[in-house]
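Report on the structure given below.
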Amino acid sequence: MKTFDLRVKQLLDGDLSLADLPPELRAEGEEALRLLAAVDRTPVTLSPALDARVMAVVRRHAKSPAGRAWRWLNTPRDVELRLRVRPWAVWAGALAAAAALALLLGRAVPAPVPGVQARGGTRDSVFVRFVLYAPGARRVAVAGTFNQWDRGAALLAPAGTSGVWTTTLALPVGQHQYAFVVDGARWVVDPSAPAVDDGFGRRNSVVAVTAEGAHL
Amino acid sequence: MPEDAAEALASPERSDGAMERREQARELELALGQLTPEQREAFVLKHVAGMPYEEIAQRTGATVASLKMRMHRAYDRLRELMKEYR
């Protein structure tokens, strides 16, 4: 087997340029680059219709009475309270509050989950890209705890004819289990992610999403 | 007739080039199928997904050095296979 010169391989890795090669290796370098030029890097683009649909939902939400009520409830306001109480009532109230606090501190309080941040009562979402190499597949989806294992909820798009399928989903912060569904029937674990037993003889891939990103 | 379609009909070189690229992509796809799963994974993540070796190492658990060795073997194997297809 005729192998590429090491410097040509470094050219393919992007460590060297064609001009860095000695003249006797230029032809081999060009041959190697032609090989890589066959890689289909057609970018995966989202339909402009998706933007329109998302904005339509946002506007509908903004106009809805429930949305207005929610904003009214969330808008900070100055509130002044005037109370007329007898001094002994203040002391009794303070003692009751101290007793309640002592009771609360005596109970075990669950520790917050590391890496999970709550803001404004809702959890943050992080965009996570899923990639599967499945040449010959007609349809690939990702199903998991984030979409109730619905095998039709999140379809991956093929990247040209390379056999690579990708999609990007906004996942809430936390740990999620998932698997790819090829052609609607075959469940496939993500080869680049850790997997756990699902208790029914199958394996699920695991992704941990924090505010800083996704961790496999 | 749309302008693009008229132009494509009027320039056979361009459509031949597109056909050749599709043929090359098809040959590469066939050749990728002949690599070992580890070589194929490294090649796809590096040259299709465009990831640097460091990111591939994080995703796969392999070291950068072993990934490079895997990839260099894949280059040689692909060169051989692509020649066979022609």
Do the conditions hold for A:G152, that is, is it out of contact with any strand residue (DSSP E or B) (no Cβ under 9 Å at 6 or more places or on another chain), in a loop (DSSP other than H, G, I, E, B), under 26 Å from A:F180 (Cα atoms) and at pLDDT 75 or above?
-> no
Pick from A:D51, A:D40, A:D20: which is modelled with pLDDT of 70 or more, surrounded by 10 or more Cβ atoms within 10 Å (Cβ to Cβ) and not polar (S, T, N, Q)?
-> A:D20
Select from region A:189-205 the residues that are away from chain B (no Cβ under 14 Å) and either outside any strand (DSSP E or B) or under 17 Å from B:E38 (Cβ atoms) (or both) and list them in ascending order.
-> A:D198, A:G199, A:F200, A:G201, A:R202
Looking at region A:167-186, is at least one residue in contact with a strand residue (DSSP E or B) (Cβ under 6 Å, 6 or more places away or on another chain), within 13 Å of another protein chain (Cβ to nearest Cβ) and of a type outside the set (S, T, Y)?
-> no
Whichever residue in region B:32-83 is aromatic (F, W, Y) and under 11 Å from the mean Cα position of the chain (by Cα) and, among such residues, is nearest to A:V131 (Cα to Cα) = B:F43
Number of the exception - A:S125 against (1) polar (S, T, N, Q); (2) modelled with pLDDT of 85 or more; (3) out of contact with any helix residue (DSSP H, G or I) (no Cβ under 6 Å at 6 or more places or on another chain) = (2)
Scan B:A31, B:A42 and give me the residue that is crowded, with 18+ Cβ neighbours inside 10 Å, aliphatic (A, V, I, L, M), touching a Phe, Trp or Tyr at 6+ places or on another chain (Cβ under 8 Å) and within 30 Å of A:A195 (Cα to Cα).
-> B:A31
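The values are calculated or read from the model by the stated rules, or taken from the named source; none is laboratory data. Just so it is clear, the structure is predicted and the values come from calculations on it, not from any experiment. Every residue, glycine as well, gets a Cβ built from its backbone with ideal geometry; the counts of neighbours run over all protein chains shown.
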